[in-house]
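FYI, it's all coordinate maths here, none of it is from the lab. Nothing here was measured: the structure is a model prediction, and the numbers come from that model. Glycine gets a Cβ as well: all are built from the backbone with ideal geometry, and neighbour counts include every protein chain shown.
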Amino acid sequence: MAQQRVNPTRMELLRLKKRTRLAQKGHKLLKEKRDGLMQEFLKIIRRAQELRREVDAELSSTLQHFVFAQATMTPQAVRMVTRVRPQEAEVSVTEKNVMGVKIPQFEVQLTERGEHYGVWETSAELDAVMEAFAITLPKLLELAAIEKSAQLLAAEIETTRRRVNALEHVLIPQLQTTTRYIRMKLGERERQAIITTMAIKKEVV
């Protein structure tokens, strides 16, 4: 490991020791952060997979009801239904802080708008479709938030992993190598000073 270009003095040795301790502490904290993020990421991924299966199953069932509803309704009734908005969705977005990563959380509120389609022109299957969508919509938003959270956590995990590797494999070894170099140089100077002192005493005697 290449050493840093430094002046081999005791002051520099003390400075390097301090930097090494800080780097080692930072390395430990970053490893703990990486491990914590990984645990949260895996938990989110499991929830996303579970929710994805639920949403896919519900949407498939809802689509079947919609196809049946279309088959039993006149084209005019279908066009009329597409223009009616019986409910309005209001979505609020909040953020949750997970180890420095802000992940989104969506909440949907459905309110009646007072618009209704005629029961005589429509099929009972259409009522099942509307009820199913009202149940599935919040889950769709939750799934979107979870998948976005997983994306943000994955990016933060990669950034943290690179920092851990940089400290572990580059900076800390470099500091340790430089520290050994300074100690070696200081040892050489001390030995040279002892030899010089002994030589002077010998000449004086």
PRE reach from Gln105 (point 7 Å along Cα→Cβ): which of region 148-168 fall under 18 Å by backbone N?
148-153
May I ask you to order 138-147, 8-17 by the average number of other C-beta atoms within 10 Å around their residues, highest value first?
138-147, 8-17
Under a crude label model (7 Å from the Cα following the beta-carbon direction), how far is Glu95 from Ala155 in nanometres?
1.2
Grab the Cα-Cα distance for Leu29 and Arg180, subtract it from 0.36 nm times how many residues apart they are, and report the gain in nm with one decimal.
51.8 nm
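Using unit Cβ charges (K, R positive; D, E negative) and no other charged atoms, how large, in debye to the nearest 20, is the dipole of the chain about its Cα centre?
Value, rounded to 20: 3020 debye.
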Within the chain, percent of DSSP bridges classed antiparallel, to nearest 5:
100
Just to be sure I understand, if you calculate Cα extents along the principal axes in Å for this structure, which of (i) 126, 26, 21; (ii) 55, 33, 25; (iii) 50, 44, 35 do you get?
(i)
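First measure r as the distance between the Cβ atoms of Thr197 and Arg162, then evaluate 1/(1 + (r/R0)^6) with R0 = 45 Å and state the FRET efficiency to the nearest 0.05.
0.30
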